[in-house]
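Structure first, then comments.
Values in this text are rule-based calculations from the coordinates and carry no lab data. If you're wondering where the values come from, they're calculated on a predicted model, not measured in any experiment. A quick note on method: Cβ atoms are made from the backbone with ideal geometry, for glycine too, and the neighbour counts reach across all protein chains shown.
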Amino acid sequence: MPRKLLPLLLIVALACLPFVADWLDQRALQSLVARIMIYAIAAASLNLILGFGGMVSFGHAAFFGLGNYAVGILYFHFADSTSLFGFIPGTDNFLITFPAAILVAGLFALLIGLLALRTEGVQFIMITLAFAQMIFAFFVSLNGYGGDDGLIIRKANTLFGMSLRNKTTIYYVILAVAVGYFFWLHRVKGSSFGNILAGIRQNEKRMVALGINPFRYKLFAFVLAGMGAGAAGALMAVFLRFASPDTLAWTKSGEFMIMVILGGVGSFVGPIWGAATFLVLHDYLASWTEHWQLFMGLLLLFVVLRTKGGIAGAIESFRARFK
Amino acid sequence: MTAALEIRNLFKHFAGLTATDNVSLTLKTGQIHALIGPNGAGKSTLINQLAGTLPPDSGQIFLEGQDITLRHPAERVLLGLGRTFQVTNLLGEFTVRENLGIAVQARCGRTLRILDRISGVRTIWDETDATLAGTALEARAGTVVDDLSHGERKQLELLVALVGKPKVLLLDEPMAGLGHAESQDMIQALEKLRGQVTILLVEHDMEAVFALADEISVLVYGSLLMTGTADEVSSSKEVREAYLGSEDSPC
């Protein structure tokens, strides 16, 4: 019973956090938690293909970055009073930019998936990386949209007339999206499609013998995962008021992967643990030493070698021992 | 009446080797047809071409009159061509019940919904439980496949294949690795299927072949040596030579 209350408790705690942070005079805490939630969405979307579907994609930042730029470019045209491709007017309305970002990421995931999913294993890792690098190179050289420097989204977006420049407003938007996303993901995991995906992860040959063509289902999962990352990228753009080529870089794909592995591949809550651990360590270690990556690497080694299934797996075996 | 499965002039060459050499074969509806032959005769190559995992160089395959030569393996399954594997191929992390459930689910085509709850779909689980009822695996319903014995996995593979309601079933050495008692159980289980499913049985266990087969085809060096009843095959001098080798055989 307490296990079922845990998500509810977490949501309540997250909802109270801005007040507590304010009271403790720790405004940085609110921003840290907001970033953790965004990265948790992105990592969880990667976990949908990597953990639930067994597809090791090393190009997940492509969709995160595309979502990021979709918001940035729409805002750019809004501020400029010009239109994209000559006919799409810009906007700062979050109710339009957010779905647009998801749609763009999903479309690119469909295109990349159609080609990349014809390969497997190392080839799949490399081809997803290659596509992500192509998109990265494209945006870096796109001088009209800031090139190397990225795009500043000065006044952020608006939602129902409220400016999302307000850090507390955007915090609650991020919280609402994160709660919605994880609820949706939980449904997907237990759905008809989730069951087929779990079968494909375990044994594709068996699924073919059941009359399932794995390609279609892997592509569907790939598109759903791309859309999730696009949503996270859009939130990041509004939160930081900045669309950056960094969100497309291969190191970002690596960070998502580290979060998933730290938290526990295939675990539903793993990406939340992974994102939280990664960002907390990143922030605190970086303020302490510039060689923070050394400690991150040691932790990753420990988690991979000494736990079964990352932090989520370690918690699970800890619970089992004290039952 | 059209044949359940018909193979016409099938050829498959590998570098320097003709693995399937002009094979034509007809499976009569409801019969158990055994395919035997010494190691390396091309039995697995033939099965893989029938299942669709290996494309033939030329020739055609018909399932109940329909040309399936170019169909994707998954499509053939949905058209009614089921199979089991020589080395068992199941979902290792799923329980016995879940392995059967996903087979029912796949057959019903309920596979792309993302917001339903698979554990709550009564029709799927009712059929799963009905399939399990009365079988030796009923007591093992909640056991993960990785924890099953080899014999139990063989039984489960057969059950999973039957859940797909195939018209033709390709059985790739269902007795392989089974003990004597388990083999007897498997023979009985297959005997019950006679008349309901057309079966192509690839098997090394001659006791099983002679007990089950309505017709036997002998494959040697990729080509069909003969097709006949158990008596005809066992009394054939050529078949004995193919198995035991003649005087000037290189090995």
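Residue exposure proxy: A:H291, B:H72, ordered by other Cβ atoms within 10 angstrom of their Cβ from fewest to most, comes out as A:H291, B:H72. Each of A:I315, A:W292, A:T277 was placed along the dipole of segment A:267-323 (beta-carbon charges, centred on the mean Cα), and the one lying farthest toward the positive end is A:I315. Taking amide H as placed 1.01 Å from N in the peptide plane, the amide H of B:A34 sits under 5 Å from that of B:L201, B:D214, B:E215, B:I216, B:S217, each at least 5 places away or on another chain.
Exposure proxy shown here: for B:D147, A:D92, the number of other Cβ atoms within 10 Å sets the order, fewest to most, as B:D147, A:D92. Once each part is reduced to its C-alpha centroid, what is the distance from segment A:1-49 to segment A:282-303 in angstrom? One Cα centre to the other: 22 Å.
How many Cβ atoms of partner chains, on average, are near each residue of B:78-87 if near means within 10 Å of its Cβ? Mind dumping the intermediate values first?
On the way: counts 4, 1, 1, 2, 3, 2, 1, 3, 0, 0.
The mean count of partner-chain Cβ atoms within 10 Å per residue comes to 2.
How big is the charge dipole of chain A about its Cα centre, in debye rounded to the nearest 20, if each Lys and Arg gets +1 on its Cβ and each Asp and Glu gets -1 on its Cβ?
Values: 23 positive and 13 negative charges, 255 e Å.
The calculation lands at about 1220 debye.
Computed from label points 7 Å out along Cα-Cβ, the spacing between B:S149 and B:T229 is 3.7 nm.
Placing a pseudo-label 7 Å from each Cα along the Cα-to-Cβ vector at A:M126 and A:N93 gives an inter-label distance of 4.7 nm. Estimated translational diffusion coefficient (Stokes-Einstein, Kirkwood radius over Cα pairs, 10 °C, 1.306 mPa s) of chain B: 83 µm² per second. Between the C-alpha center of segment A:199-214 and that of segment B:80-148 there is a gap of 13 Å. Which of rounded, prolate, oblate describes the protein assembly as shown, given a ≥ b ≥ c as roots of the alpha-carbon gyration tensor eigenvalues and a/c under 1.5 marking rounded, otherwise prolate only if a/b is larger than b/c? Note, shape of the protein assembly as shown comes out prolate. A simple rule links phi to the HN-Hα coupling: the Karplus curve 6.51 cos²θ - 1.76 cosθ + 1.60 with θ = phi - 60°, which for segment A:8-14 gives 5, 4, 4, 5, 4, 4, 5 Hz, with x for Gly and Pro.
Among A:K189, A:K218, A:K4, the order by Cβ neighbours within 10 angstrom, fewest to most, reads A:K4, A:K189, A:K218. Between the beta carbons of A:S287 and A:R27, assuming R0 = 22 Å, the FRET efficiency works out to 0.90 to the nearest 0.05. Proximity of backbone amide H atoms, modeled 1.01 Å from N, is registered between B:R71 and no other residue at under 5 Å, excluding neighbours fewer than 5 places apart on the same chain.
Exactly which trypsin sites (Lys or Arg not before Pro) in segment B:62-148 are in a DSSP loop and have at most 11 other Cβ atoms within 10 Å? Don't skip to the answer; put the middle values down first.
Numbers: sites: B:R71, B:R76, B:R83, B:R97, B:R107, B:R110, B:R113, B:R117, B:R122, B:R140; in loops: B:R71, B:R110, B:R113, B:R117.
When the trypsin sites (Lys or Arg not before Pro) of segment B:62-148 are filtered for loop state and at most 11 Cβ neighbours within 10 Å, nothing remains.
Once you average over the residues of A:184-190, how many Cβ atoms of partner chains fall within 10 Å of each Cβ? Write out the running numbers ahead of the final one.
Numbers: counts 2, 1, 0, 4, 3, 2, 7.
Going residue by residue through A:184-190 and averaging, the value is 3.
Look at where the Cα atoms of segment A:81-101 and of segment A:261-276 average out, and the two centres are 34 Å apart.
Close amide-amide hydrogen proximity is noted between B:L5 and B:L27, B:E64, each under 5 Å apart and 5 or more residues distant or on a separate chain (H modeled in the peptide plane; Pro and chain starts excluded).
How far is it, in nm, from the label point at B:L115 to the one at A:L6 when both lie 7 Å from their Cα along the line to the Cβ? Label-label distance for B:L115 and A:L6, simple model: 2.7 nm. With one equal scatterer per alpha carbon and no solvent term, the Debye-computed log10 I(q)/I(0) for segment A:5-321 at 0.08, 0.15, 0.16 1/Å reads -0.36, -1.27, -1.43. The DSSP beta bridges internal to the protein assembly as shown are antiparallel in roughly 60% of cases.
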